[in-house]
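Data block below; observations after.
The values are calculated or read from the model by the stated rules, or taken from the named source; none is laboratory data. Because the structure is a prediction, the values reported are computed rather than measured. Methodologically, a virtual Cβ is constructed for each residue, glycine included, from the backbone with ideal geometry; neighbour enumeration extends over all protein chains shown.
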């Protein structure tokens with residue numbers, strides 16, 4: 001549990017309830033398909049690929065960072081998500097929404113909505129300044145949905161911290177299943193496509 | 001250039017390694033006796049287009065387009081390698097650029113220098129942090145072994161659909 005100022009003595013870790021619910025739901029499916037939009041970490045790939053039938057990895061942190069640096073038109077950012085409609089049982093967005101401006105965030109959510117199966121889940125994290133004062137943190141997952149924080153080493157997407165109501169508004173097409181705030185300051189949101 | 005490394009057992013093993021490929025280079029590919037420990041290197045300034053089959057390990061430092069079928073051997077895409085291919089091998093190591101699908105009997109290793117786009121079916125996978133990856137990963141599970149193996153389709157690259165865009169399996173109802 002987080003008990004002091006952010007420092008190099010981290011990473012701390014905690015057990016993610018929302019992530020556990022996602023994994024419990026998708027592990028039961030014989031053909032479960034999970035999209036991870038987060039940075040490529042071996043721990044995450046090892047963990048998720050052992051739990052789901054098909055793991056899709058599309059590192060939007062790195063791809064969008066590259067698109068921005070090269071001046072790519074924002075309207076074409078989501079070409080990376082060239083997946084069919086209604087194909088994912090769950091999507092891991094991590095804190096990606098907080099790394100996008102409002103128009104980008106709304107358009108990402110719209111794309112996620114079309115890619116998610118009816119009944120499918122989307123999980124979202126927000127760290128806030130308490131957890132990540134300079135916005136250079138990302139998550140890795142190990143056994144039993146233990147989430148650890150580490151430096152976001154391969155992307156320079158800036159962070160903008162949002163209030164809960166803003167997050168919920170952006171995710172409006174989805175139904176909120178669960179929202180949690182931990183003592184360490186991490187907030188987790190679990191959404192479902194109806 | 002295309003290099004052939006032989007070991008002392010070569011002369012004792014007169015088996016033949018068929019190589020079917022168009023070599024865009026001065027030197028033709030050497031075809032010779034093989035053993036499990038040998039490897040063929042496609043050098044940095046070599047381009048190969050077509051189907052590669054054989055019974056030894058392959059290292060690609062140049063360009064390759066087509067398909068590679070080395071079911072019981074290892075394929076390595078080196079840091080300078082640029083490959084667009086379907087790969088069917090025992091183990092695959094990617095340190096360069098690869099667009100295509102991999103079916104490995106054993107392990108797929110992706111190093112942090114890699115740039116991979118495609119689908120991986122393997123028993124095990126190892127990915128270094130920071131690898132450039134857009135992939136579909138499907139690990140073989142114990143229950144999979146009971147199923148009849150599907151024949152690997154060595155479709156040459158150049159199709160309209162990218163591997164990742166074509167790959168997701170649509171909903172069959174929950």
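Only a single item in (1) modelled with pLDDT of 95 or more; (2) more than 9 Å from every other protein chain (Cβ to nearest Cβ); (3) crowded, with 19+ Cβ neighbours inside 10 Å is not met by residue A:20, and it is number (3). Of the strands (runs of 3 or more DSSP E) contained entirely in the range B:29-140, those carrying at least 2 residues that are touching a helix residue (DSSP H, G or I) at 6+ places or on another chain (Cβ under 7 Å) fall at B:115-122, B:124-127, B:132-139.
Within the range A:58-76, the set of residues being modelled with pLDDT of 90 or more and part of a helix (DSSP H, G or I) comprises A:60, A:61, A:62, A:63, A:64, A:65, A:66, A:67, A:68, A:69. Evaluated against (1) crowded, with 22+ Cβ neighbours inside 10 Å; (2) part of a helix (DSSP H, G or I), residue A:93 falls short on exactly one condition, (2). Evaluated against (1) touching a helix residue (DSSP H, G or I) at 6+ places or on another chain (Cβ under 6 Å); (2) more than 14 Å from chain B (Cβ to nearest Cβ), residue A:80 falls short on exactly one condition, (2).
Of the residues making up the range A:40-57, those that are facing another protein chain (nearest Cβ under 8 Å) and in a loop (DSSP other than H, G, I, E, B) are A:40, A:41, A:53. Remark: residue A:93 matches the filter, which requires a residue to be under 22 Å from residue A:153 (Cβ atoms), modelled with pLDDT of 95 or more and more than 14 Å from every other protein chain (Cβ to nearest Cβ).
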